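Right, one structure below, let's go through it.
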Amino acid sequence: MEILLVEDNEMVAKGLIYSLEQKGYQVIHKANVKSTIEFLEKKKVELVILDISLPDGNGFNLYRESIKQKEIPTIFLTAKDEEDDIVRGLELGAEDYITKPFSTKELIARMQKVLLRQKKNTVITVQDIKFDLDKMVVYKDKEEITFTSLELKILHLLFLNINKVVTRNDIIDKIWEWTGNDVNDNTITVYLKRIREKLDTDMIKTIKGIGYRIDGD
């Protein structure tokens, strides 16, 4: 999955590129309006992360005049946090808006939500398993599978990251976020064992020493 990052701050760009590539995204970086327009004339990406303040123009105009017509979902990225700017960006048609400073985890979470919204079908099918992301219900051959709340959230996390590795640390962090409870590697192993038993498939791959991945059909 290719992401276009339009950001003129080299340090910010390098940090984002590293973090996104660690998550399995391919990142194309442009630092100004001119090079972005030239790139988009030749190629289309799945998402644009767009800084508003650029050395040869501004992100609002770049989005309105070049990106919007190509129907590429866009997240505005800027140091400004004035309400008028936020409203302006969203009224132009951008999917989301995030202000600096921000956490990379927050940006990635917003990216995943934006990309998910672009899918017309919110039911993801892998092998004989269907996950209805709106209803948070999992089916196997049209029969609903019953999970605990936490098991369902872990499986949901894996489905949101189809074809990408979800690290064990990511899952541990998420469980803390969901429950406020500290867990360890052994606990994660137990949860994944239970989830696999209920799915009764080999769809969840173990990436030894790193985490887990579901590969799309």
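Calculate, axis by axis, the spread of Cα positions in the chain along the three principal axes, and write the results as whole Å, longest axis first.
Sorted from largest, the Cα extents of the chain read 56, 34, 31 Å.
Percent antiparallel among DSSP beta bridges with both residues in the chain, to the nearest 5?
Details: 19 of 36 bridges.
Counting only bridges with both partners in the chain, antiparallel ones make up about 55 percent.
Less than 13 Å Cβ to Cβ from L107, Lys/Arg counted +1 and Asp/Glu -1: what total charge do the surrounding residues give? Each step should come with its number before you reach the end.
Working: positive: K23, K100, K105, R110, K113; negative: E7, D51, E95, D96, E106.
It works out to a net charge of 0.
Counting only protein heavy atoms, what percent of the accessible surface of region 131-217 is carbon or sulfur at a 1.4 Å probe? Spell out each step's value before the answer.
On the way: 2310 of 4970 Å².
C and S atoms contribute 47 percent here.
Apply the Karplus curve 6.51 cos²θ - 1.76 cosθ + 1.60, θ = phi - 60°, to the phi angles in region 43-53 and return the couplings in whole Hz, x for Gly and Pro.
8, 10, 10, 8, 7, 10, 9, 10, 6, 6, 8
Tell me, what is the percent relative contact order of region 129-217, built from C-alpha pairs under 8 Å that lie six or more residues apart? Please report the intermediate quantities before stating the final value.
Working: 96 pairs, mean separation 27.9, N = 89.
RCO, region 129-217: 31 percent.
So if R0 is 30 Å, what FRET efficiency would D185 and I162 give, r being the distance between their Cβ atoms, rounded to the nearest 0.05?
Details: r = 24 Å, r/R0 = 0.78.
In this case the efficiency is close to 0.80.
Which lysines have a Cα less than 23 Å from the Cα of K140, not counting those fewer than 8 places away in the same chain?
Within the straight-line cut-off, K140 pairs with K119, K120, K130, K153, K164, K193, K198, K205.
Could you give the size of the charge dipole of the chain about its Cα centre, using +1 on the Cβ of each K and R and -1 on the Cβ of each D and E, expressed in debye and rounded to the nearest 20?
Values: 34 positive and 38 negative charges, 124 e Å.
In total the dipole reaches around 600 debye.
Considering amide H positions built from the backbone, and no H for Pro or chain starts, which residues 5 or more places from L54, or on another chain, come under 5 Å of its amide H?
G59
Through the Karplus equation 6.51 cos²θ - 1.76 cosθ + 1.60, θ set to phi - 60°, convert the phi angles of region 131-136 into ³J(HN,Hα) values in whole Hz; use x for Gly and Pro.
10, 7, 6, 6, 8, 6
Sort the following peptides by mean Cβ neighbour count (other Cβ atoms within 10 Å, averaged over residues), highest first: 172-181, 28-37, 153-162, 45-54. Could the numbers behind the result be given before it?
Working: 172-181: 13.0, 28-37: 17.3, 153-162: 19.3, 45-54: 20.9.
Ranking the peptides 172-181, 28-37, 153-162, 45-54 by packing returns 45-54, 153-162, 28-37, 172-181.
What does the net charge come to around I207 if you take all other residues with beta carbon closer than 13 Å to its beta carbon, with K and R at +1 and D and E at -1? Please report the intermediate quantities before stating the final value.
Numbers: positive: K164, R168, K205, K208, R213; negative: D170, D215.
That works out to +3.
The values are calculated or read from the model by the stated rules, or taken from the named source; none is laboratory data. Since this is a predicted model, take the numbers as computed values, not measurements. Glycine also receives a Cβ, built like all others from the backbone with ideal geometry; neighbour counts cover every protein chain displayed. Only protein heavy atoms, including side chains, enter the accessible area calculation; ligands, DNA and RNA are left aside. Shrake-Rupley method; radii C 1.70, N 1.55, O 1.52, S 1.80 Å.
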